[in-house]
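Inspection log for the structure reproduced underneath, given as structure tokens.
Derivation of every value follows stated rules applied to the coordinates shown; laboratory data play no part. As the structure is a prediction and not an experimental result, all values here were calculated from the model. Neighbour counts run over all protein chains shown; Cβ positions are idealised from the backbone, glycine included.
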Amino acid sequence: MLSCWGRGYPKQTPAVKCFTAPVEAFSVLFVSNSRSKSLTQAIKAKALELGFDAVGIAAAGNADPDGHFEEWLNRGYDAGMEYMARTKNERRDPSLLVPDAKTVIALSMSYYTPESEPVQTGKIKISRYARFDDYHKVIRKKIRKLRKHILTLDPQAVVHPAVDTSPVLERHWAQEAGIAWIGKSTMAISPRLGTYTFLATLITNIDLIVDERHVDRCGTCTACLDACPPGAFVKPYQLDANRCITYWNVEHRKEFTEKTPDFNNWVAGCDICQEVCPWNKFSKETNEPRFTPKESMVHLDLVKIAQNKAYVTELIQGTPLQRTGADAIQQSLKHIQTEDS
Ligand code: B12
Ligand code: SF4
Ligand code: SF4
């Protein structure tokens, strides 16, 4: 079989065709395979040219084959993020987003900068991913350009680009496409980029050459599980958002309750499970100038944040925290200051 089509032939093609098809069909398949190969190469080259640090391709199919996502929802680990359950069918099945979906192009982009090393131990912090221009905007532009490029290569193609907010299980596709594995922290980890990466995907109805699934390289390490202050990991690879600091200080926009954990000085987001991950010694500095941390997001003016809502609104303008809002940021700071007293 391998000698017939080569290692990367799309997984969903029935293997039997190779041996039973008549000569004409054989040549059609051969042409179609070499077309898939050149399309794949062209798409990957364009993705790298657009500034992505990794690109891989997976065969589209059930995104939750082991039922982990279903279990996560059933146990209520989605906390107040009701959109996760509402869109569960689409997250599990990419063909609900692109009819006859064949492949998923998975992408990642580093946002690591050496300046983002912890400079404020014991001080109030904003998570690294939120210290600069909103990645949704930056990456959305790039995936739209990649989609356009695919349409010039194949005008019949249907392509659904997604970053974060679309109902796509992005980490699953990153692992299937071989660009990362899902670690015990649930972070997608690349051995040459670490965890400080954003993910994106394009679901398509075109046949491309698929990559090997990434193997798990966490080994016996448990650093993230041991370090998480509120104990948000129920078990390795499973996070209960009800206990995660990031859920409470980024996603939860209502008043805090008795279940709200201590924030351990994180006013927005939390990087603890990434700071302890040994794979981050392989982090690669971002190539994206719009991912340069804003000085005012690294060295926080706590008096102004606490007392001046207009200042907070200005501070988070254009960053991922704009969606969280100034009221929520001020509420989080107050929560931290009460922890300290
Ligand atoms: C909801 C959400 C959250 C929630 C819940 C996080 C979670 N782990 O589920 C909250 C608000 C807590 C959150 C926090 C953060 N998030 Co978030 N989040 C998402 C979102 C929108 C959906 C994630 C999701 O589907 N969760 C459901 C769970 C079940 O799926 P999963 O996390 O992929 O987990 C897989 C495995 O854990 C496995 N699994 C589950 N249970 C079990 C059990 C066993 C035994 C096994 C073997 C496997 C297994 O199966 C799951 C499905 O494949 C994605 C964007 C997207 N569309 O995918 C971004 C995303 C995951 N977030 C992202 C980021 C950057 C963060 C933060 C780092 C931000 C910060 N610094 O504060 C933290 C990290 C916290 C953490 N350790 O996950 C990035 C992650 C990039 C990366 N390299 O992994 C994403 C991909 C956004 C993006 N486009 O870049 N997030
Ligand atoms: S982001 Fe913070 S609170 Fe959430 S799982 Fe990671 S270490 Fe725990
Ligand atoms: S800290 Fe260790 S266990 Fe956790 S994700 Fe990183 S390598 Fe895996």
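Which pairs do you get when a residue that is under 13 Å from Thr319 (Cβ atoms), found in the range 288-301, comes within reach of a residue that is basic (Lys, Arg) and assigned to a loop (DSSP other than H, G, I, E, B), reach meaning Cβ atoms under 7 angstrom, with the pair 6+ apart or on two chains?
Pro293/Arg131; Lys294/Arg131; Met297/Arg131; Val298/Arg131
Please work out if Thr165 is outside any strand (DSSP E or B), of a type in the set (Val, Ile, Thr) and more than 26 Å from Arg92 (Cα to Cα).
In short, no.
Being closer than 22 Å to Pro320 by Cα and of a type in the set (Phe, Trp, Tyr) is the filter; apply it to the range 171-226 and report the residue that is nearest to ligand 1 (Cβ to nearest atom).
The qualifying residue nearest to ligand 1 (Cβ to nearest atom) is Phe198.
Given the structure, is Thr152 under 21 Å from Leu48 (Cβ atoms), out of contact with any strand residue (DSSP E or B) (no Cβ under 9 Å at 6 or more places or on another chain) and more than 11 Å from ligand 1 (Cβ to nearest atom)?
Details: under 21 Å from Leu48 (Cβ atoms): yes; out of contact with any strand residue (DSSP E or B) (no Cβ under 9 Å at 6 or more places or on another chain): yes; more than 11 Å from ligand 1 (Cβ to nearest atom): yes.
When the stated conditions are applied, Thr152 passes them.
Of everything in the range 158-214, what is within 16 Å of ligand 2 (Cβ to nearest atom) and of a type in the set (Val, Ile, Thr)? Give them in sequence order.
Ile182, Thr186, Ile189, Thr195, Thr197, listed by residue number.
Would you be able to say whether some residue in the range 237-248 is more than 30 Å from Ala60 (Cβ to Cβ), surrounded by 22 or more Cβ atoms within 10 Å (Cβ to Cβ) and not aliphatic (A, V, I, L, M)?
yes
Can you give me the number of residues within the range 211-227 that are within 10 Å of ligand 3 (Cβ to nearest atom), of a type outside the set (Val, Ile, Thr) and assigned to a loop (DSSP other than H, G, I, E, B)?
5
Among the residues of the range 110-131, is any farther than 20 Å from Gly269 by Cα, part of a helix (DSSP H, G or I) and charged (D, E, K, R)?
So far as the range 110-131 goes, no, none of its residues is farther than 20 Å from Gly269 by Cα, part of a helix (DSSP H, G or I) and charged (D, E, K, R).
For the range 265-341, please list each of the helices (runs of 4 or more DSSP H) lying entirely inside it that holds at least 2 residues being exposed (fewer than 14 other Cβ atoms within 10 Å of the Cβ). Walk me through it before giving the result.
Details: elements: 272-275, 295-298, 302-307, 309-316, 326-340.
So the answer is 302-307, 309-316, 326-340.
Which condition from (1) within 16 Å of ligand 2 (Cβ to nearest atom); (2) touching a strand residue (DSSP E or B) at 6+ places or on another chain (Cβ under 8 Å); (3) farther than 25 Å from Asp327 by Cβ is the one that Val267 breaks?
Result: Val267 passes all but (3).
Taking the options Ala101, Ala157, Ala174, name whichever one is buried (at least 19 other Cβ atoms within 10 Å of the Cβ) and either outside any helix (DSSP H, G or I) or hydroxyl-bearing (Ser, Thr, Tyr) (or both).
Ala101
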